[in-house]
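Student: Sharing a structure with you now.
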Amino acid sequence: MTTFIFAILALCLGLIGGAVVNSFVMRTPTGLKFTVGRSCSTCASPLRWQDHLPLVSYITLASRCSSCRAVHPLHYLFFELTCALLALVAFGRSQGWWFDFPILFDPGEDWLLFARDLIISILALSIFLFDYKSYRIPDILTVPGIVCAIILNLSLGANPLTLLVSGLAVGSFFALQFLISHGLWIGAGDVRLGLLTGFTLGPGAAAVAVVMSYIIGAITGGILISTGKKTWTSYVPYGTFLTFALIVSLYFGEPIANWYSDLWL
């Protein structure tokens, strides 16, 4: 019964995280408040306390503003549900329901693992949506994420040298591309996102995330070009691919890396 209650609390944390993600990404670029004193982005009417309830408000208001009836984007609901699902997955792994405890860490620190997975998942989703909407990755998301990843991973028992090599290797890989292309291939925000990926996942899973991001990017770019929505010179936000790969590799990176290495043994 206690585990079930904690699982419900994890879902609620995820929903709250999703609501914060939506508010931050949609309001920050336009200068609107995303914490206290929020108002409708269409009619500027102050939001009532019941308008702030994650998921519940979206459903009860039929995805509209309570004052002007402007329609809220569907991604509000999608990201709140996605954060809730990831919170449940993070809690399930910490309790041994699915996925093995990461080999980088000492088993037993289940709540620290849950905190790490939940924080990184919400930050990655924030970066995904921010880069998709605004074509930029703010330092306010990546820098705290890097700090949290280092502190939590070390607290979980990760080898400091392994963590340092992983973070600097991935960060340097993207920094080199940034310098060679003078910022045309990727942006400075992608370099810091690379650091976050390396410091979060460790060498094997980080390599999986980087390769996966390029595969997804190549497939997506090919589809967009073939359908006429993009050209060969069009900009596509790479951070969306890397953050998606980061979340997937957070849970599946080690098994994929081990499977690939076994093919060559």
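The values are calculated or read from the model by the stated rules, or taken from the named source; none is laboratory data. Predicted, not measured: the structure shown is a model, and the values here were computed from it. Glycine also receives a Cβ, built like all others from the backbone with ideal geometry; neighbour counts cover every protein chain displayed.
Student: Output the residue which, of all residues in segment 225-241 that are of a type outside the set (Ser, Thr, Tyr) and under 15 Å from LEU129 (Cβ atoms), is surrounded by the most Cβ atoms within 10 Å (Cβ to Cβ).
Tutor: GLY239
Student: Working carefully through the options LEU113, LEU61, find the one that is of a type in the set (A, V, I, L, M, F, W, C), out of contact with any Gly (no Cβ under 9 Å at 6 or more places or on another chain) and modelled with pLDDT of 90 or more.
Tutor: Testing whether each residue is of a type in the set (A, V, I, L, M, F, W, C), out of contact with any Gly (no Cβ under 9 Å at 6 or more places or on another chain) and modelled with pLDDT of 90 or more leaves just LEU113.
Student: Do we have any residue at all in segment 184-199 that's farther than 23 Å from ARG136 by Cβ, surrounded by fewer than 20 Cβ atoms within 10 Å (Cβ to Cβ) and either out of contact with any Lys or Arg (no Cβ under 7 Å at 6 or more places or on another chain) or not polar (S, T, N, Q) (or both)?
Tutor: No, segment 184-199 contains no residue that is farther than 23 Å from ARG136 by Cβ, surrounded by fewer than 20 Cβ atoms within 10 Å (Cβ to Cβ) and either out of contact with any Lys or Arg (no Cβ under 7 Å at 6 or more places or on another chain) or not polar (S, T, N, Q) (or both).
Student: Considering only residues that are surrounded by 15 or more Cβ atoms within 10 Å (Cβ to Cβ) and of a type in the set (Gly, Ala, Ser), which ones fall in segment 80-117?
Tutor: Hits for segment 80-117 are ALA84, ALA87, ALA90, GLY92, SER94, ALA115.
Student: Looking at segment 160-167, is at least one residue farther than 24 Å from THR3 by Cα, under 13 Å from the mean Cα position of the chain (by Cα) and not hydroxyl-bearing (Ser, Thr, Tyr)?
Tutor: no
Student: So, in segment 146-180, of the ones that are closer than 12 Å to LEU201 by Cβ and of a type outside the set (Val, Ile, Thr), which residue ends up surrounded by the fewest Cβ atoms within 10 Å (Cβ to Cβ)?
Tutor: Checked segment 146-180; the qualifying residue surrounded by the fewest Cβ atoms within 10 Å (Cβ to Cβ) is ALA169.
Student: Okay, next question. Would you confirm whether any residue within segment 110-130 is in the same structural domain as PHE244 (by TED's automatic domain parsing), touching a residue at least 12 places away in the same chain (Cβ under 8 Å) and acidic (Asp, Glu)?
Tutor: No, every residue in segment 110-130 fails to be in the same structural domain as PHE244 (by TED's automatic domain parsing), touching a residue at least 12 places away in the same chain (Cβ under 8 Å) and acidic (Asp, Glu).
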